[in-house]
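Here is the structure we will look at.
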Amino acid sequence: MASEKELYISTDEEADPNSCYLQKFRLYETRSNFYMIGRDKNRTIWRVLKIDRLEPSELHILEDCTTYSEIECYDLLRRIHEGNQCTGGLTFVTTCYGIVGFIKFLGPYYMLLITKRRKIGAISGHTIYAIAKSEMIPIPNSTVRSKMAYSKNENRYKKLLGTVDLTKDFFFSYSYHVMRSLQKNLCDNKTGESLYETMFVWNEFLTRGIRNNLKNTLWTVALAYGFFKQVKLSVSGRDFNLTLIARRSRHFAGTRYLKRGVNEKGRVANDVETEQIVFEDSPKGCSMQISSVVQNRGSIPLFWSQETSRLNIKPDIILSKKDPNYEATRLHFENLVKRYGNPILILNLIKTRERKPRETILRAEFANALRFINKSLTVENHLRFLHWDLHRHSTSKATNVLAQLGKVAEYALNVTGIFYCQITPSLKPEGLLNCSYYEENSASKCSTDNISSGNEHCFDLEKEDSNGCGSGDASGDHHVKPPTFQRGVLRSNCIDCLDRTNVAQYAHGLGALGRQLHALGLLDSPIINLDNPLAEDLMALYETMGDTLALQYGGSAAHNKIFSERRGQWKAATQSQEFFRTIQRFYSNTCMDPEKQNAINVFLGYFQPQPGKPELWELDSDQHHNVGWHVPKLAEENIRSFIKRSLSDGNIICERDSTEVTTGVSNEEPLSGKLHGGNTGLSESTPEMSSCESDMSYCRQLFKDVLEDQCPESNHICYDDHGDACTCSNFLDVDWLSSSGNSCEEEIYERSITSLSSENVVDGLKLDTTTSTSESNPSMREREQNGREITHDDTRGAFSESFSNWVTHGAILLH
C-alpha cells in the first residue's frame, strides 16, 4: 500500500513546473548561424540554440547549456550583433512556438517551425494546441545555397511535403504527453526521447537528428495526428468537460487502398487509439476527479490487399496465404497486450453473406487466425471475439443496432473497467506529469500486471482531503476515492475501420460515459439511455471524429446513415449524402491517394531521397515492389535501409526502424509464452472464458455476474462460402445480444434446431432460441451448389438497377 508521502507532494516544496518547458521562441540569423532564443511561460528561464549555416549538406546544432535571465539573453544578442557587423549583423527572422523537425531531400537541410498556434483544449490544466501556421526554412545561407546543384526534383519534394497540412488534425502540448493515454501518463513517469519513439508521434523521424545531437527534447514538440475535440456539457445542473481524442499510429500509415491489413512486424493499417476523458472543474486548491476510457480500431490483421480501379468502385479483395501460421497476426495482438494488458476483445463487423464474396473471405480467415492463435494460449489469455454483421442488422427494421452494440459495450466495460482517479491539489495543473502521480516505487504497484479490471485498486486512497474540499460526488463526500484502472481493450474493425467501426465506437463511448459520470458522482446510475440529450451530444462528437478519420484515410467524410436515421433526418437527404460521399471517396482513392501516400512516406521518413537513386514518383506504386537504397547521413547516424513491399503490406517500410517503446503500463509476456497459467489481472467476479477448439465452440451468456452455459457445436457455427467454419463469438451469446430473440438469425448459415436449448436464462431473462423452418438458412449442400448467397440491397429501391449494381457491387459504370 502506498504511503501518504508517496501520494501527496507538498505544494510548498514543489518547483514551478513551467520551468521545464520552453514555450516561445525567437529566431535570429547571421550569415554563419541561426540563433534560436527559447523561454518558458513565466519568462524566467532563457536558453540559446545555435545552428550552423555554412555547411551545405550536414546538420550541426549546438546548445548553450547556460540558463540566462531575460536581461542576460538580450545582452548576449547585442554582443552577437556587434561581432557580425561586417557581414550584416544579427537579423530577426520570426517568432515561433516550437521546432517540428529537420528534413533533407537532395540538397540542403530545412527546418520546420510552428509560427502560429491555437488553443483547442486543456487536460487538468495542461493546454493542448493545434498548429495555425507553419514555415519551412532552408538552413544554409543564400551564398552557400547558390553554389549547390539544384534540380527540379528538389522543388518537387518540397512541394510534396507541403501537401502534408500541419494545420489540420495535428495537435501537441508542452506539458502533457498527448501521445499517451491519461492512465499511462499517471501510472509511470516516462519523459524525454523515449516518448518520441512511441507509435503516436508523427514527427519522430523529423526530430531524430536534433534529439540525437542534443540528447533532449527541449526545443521540439511531439506532434500527434488524428482528432482532438473538447466540449463542455451539463447534467443535472452540473457542468463537466468531455474530451475525445483519436491518435493515429505512424506505423504502416497511409491511405485506404495503399495500406491494408498487417505488415510483417504486426502493425496494421488505420491503427487508431480512441480515448474519452471526462472531468469536472474544481475550485482552486481542491482535488479534481478525472476518468478516461480507451478503445482501439485497426485493419483486419491479415495479409490482404485491394487494387484500385477507375472502372470498379468495389475492387476485389486479394487474400495472401504467405503467413500460414499467422505470425504477423500474433505479433499484432502481442503488441495490443503490451499496450493495454489482457483481455483483448475483438468486435468484427464485416459482412456475413455477399452476392460476390469479398468481406466473407476475410471473415472466415480472421476467424481461423483467432482460433489458431488461441490454441497456443491459456484459457484466461484467449483473444475474445465477436463476429457481428452490422450492415445486415442495420437494414433490418426489427433491429436496434445501437441498442445491441450497447450490450456488447456493457460486457466489454464490465471486463476491462475504466480509469478513474482523484488528483490532489499539489498535482494540478502542471505538476501532474512533472512530479508523477505516483512515486516510482508505487508506480510499479500500479502496473496493469497487478490490477484488476477496475474492480480492485493498488492504493488505499480513502484519506481525508487536506484542503477540506469535497470529492465532487453528489453526497458531498470529502474523502479521496480509490482509483480504478482499465485493463484490456475493445478492438473494433470493419473493412475500412471507418463507417461501421465508428458506430460501434460510439456505442462503446456512450456506455463508458455513463460509468464515467457515475464515478464522478454526476449520475446516480451508470446507464445513459439513447434518448438522453447526452447521447445526442456524444453522437455529434463521434460523428465529427468519424468524418475526420475517414477524410484522412478514406478521402471522404464517413457514411453516417445510422446516425442520420437516429436523428430523424429525411431519408432522401441521407441517401443523397451517402451517394456523394461514395463518389468523393472513389475519386480520392483512384486519383489523389498515390500522391498523398508519397507525401506521408516522405514526412514519416519511410522514403528518403538519394542522388542517383530512383525518385519516389518513379516507383510504380506503394505496393508489390522490392527496392533498396542508402539513407542519407542524419546527424551522426549513417543508416542503411531499404523498401519492402508486398501484397497486403501496401507499404514502404524502412528495414531500420526506431525501437518500439512499450507505451503501456503493462509488462505482459508474449502471447506465445502464455501457455501455462499466468495472471489475467481480472477480478474474481469476472467469468472465465471457455476454450475454442476447431470442432467445438462454447457460447458465453454474460450479463454482469451471469451463468455460463456450454452450447453444442451447431448452435453458433458460421460458414463462409467455401465451407470453413467460424464461431460467431467465444465470449458473448448472440441469442442474448439479438433484440429479436432469434439465435444469431442473420449470422448463421446452418443450424440444427434440435441442438438448441430453450432453457438458457440470463439474469432471469428467458431466451427464445427456436426458429421456424422458413427462417432457417440454406444448407451446406445448397451453398456448395450455388457457390454464393443472394442478398438484396436497399439502394435498388431508390436508383436504377444498373446504377445500384455499380455503387453496391462494383460493376462497370458504363454498362
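The values are calculated or read from the model by the stated rules, or taken from the named source; none is laboratory data. Source: prediction; values computed, not measured. Virtual Cβ from ideal backbone geometry, glycine too; neighbours counted across all protein chains shown. The protein model used for the area step is the full one, side chains on, heavy atoms only, and it has no ligands, DNA or RNA in it. Shrake-Rupley method; radii C 1.70, N 1.55, O 1.52, S 1.80 Å.
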Taking LYS184 as the residue in question, decide whether it is touching a Gly at 6+ places or on another chain (Cβ under 9 Å) and at positive phi.
no
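Which strands (runs of 3 or more DSSP E) does the stretch 309-412 wholly contain that include 3 or more residues that are in contact (Cβ under 8 Å) with a residue 40 or more places away in the chain, buried (at least 23 other Cβ atoms within 10 Å of the Cβ) and under 24 Å from the mean Cα position of the chain (by Cα)? It would help to see each step written out before you state the result.
Details: elements: 317-319, 344-348, 384-387.
By residue number, 344-348, 384-387.
Of all residues in the stretch 276-286, how many are farther than 13 Å from LEU186 by Cβ and surrounded by fewer than 24 Cβ atoms within 10 Å (Cβ to Cβ)? Outline the logic, then answer.
Residues of the stretch 276-286 that are farther than 13 Å from LEU186 by Cβ, as a first pass: 276, 278, 280-286.
Then drop every residue that is not surrounded by fewer than 24 Cβ atoms within 10 Å (Cβ to Cβ), which leaves 280-286.
Count: 7.
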When the stretch 232-253 is examined, which residues are found to be open to solvent by 40 Å² or more (accessible area, probe 1.4 Å) and of a type outside the set (S, T, N, Q)?
LYS232, GLY237, ARG238, ASP239
In this structure, is ALA573 over 24 Å from ASP271 (Cα atoms) and either assigned to a helix (DSSP H, G or I) or outside the structural domain of PHE170 (by the TED database) (or both)?
yes
For residues in the stretch 560-571 being open to solvent by 40 Å² or more (accessible area, probe 1.4 Å) and touching a residue at least 60 places away in the same chain (Cβ under 8 Å), which is nearest to LEU534 (Cα to Cα)?
ARG566
I need the full set of residues from the stretch 486-502 which are assigned to a helix (DSSP H, G or I) and closer than 13 Å to THR274 by Cα, in order please.
THR501, ASN502
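Only one of LEU106, LEU112, LEU90 is open to solvent by less than 50 Å² (accessible area, probe 1.4 Å), within 26 Å of LYS229 (Cβ to Cβ) and in the same structural domain as TYR176 (by the TED database); which?
Numbers: LEU106 fails: within 26 Å of LYS229 (Cβ to Cβ); LEU90 fails: within 26 Å of LYS229 (Cβ to Cβ).
Answer to the selection: LEU112.
Yes/no per residue for (1) farther than 30 Å from LYS321 by Cα; (2) among the charged types (D, E, K, R); (3) not in a loop (DSSP other than H, G, I, E, B):
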position	(1), (2), (3)
ALA222	yes, no, no
LYS232	yes, yes, yes
THR243	yes, no, yes
ARG250	no, yes, no
THR255	no, no, no
ARG260	no, yes, no
ASN270	no, no, no
Looking at (1) buried (at least 20 other Cβ atoms within 10 Å of the Cβ); (2) among the hydrophobic types (A, V, I, L, M, F, W, C); (3) assigned to a strand (DSSP E or B), find the lone condition where LEU59 falls short.
(3)
How many residues are small (Gly, Ala, Ser) and under 20 Å from the mean Cα position of the chain (by Cα) when one looks only at the stretch 235-291?
8
Test each condition in (1) touching an Asp or Glu at 6+ places or on another chain (Cβ under 6 Å); (2) at pLDDT 95 or above; (3) not β-branched (Val, Ile, Thr) for SER299 and report the one that comes out false.
(1)
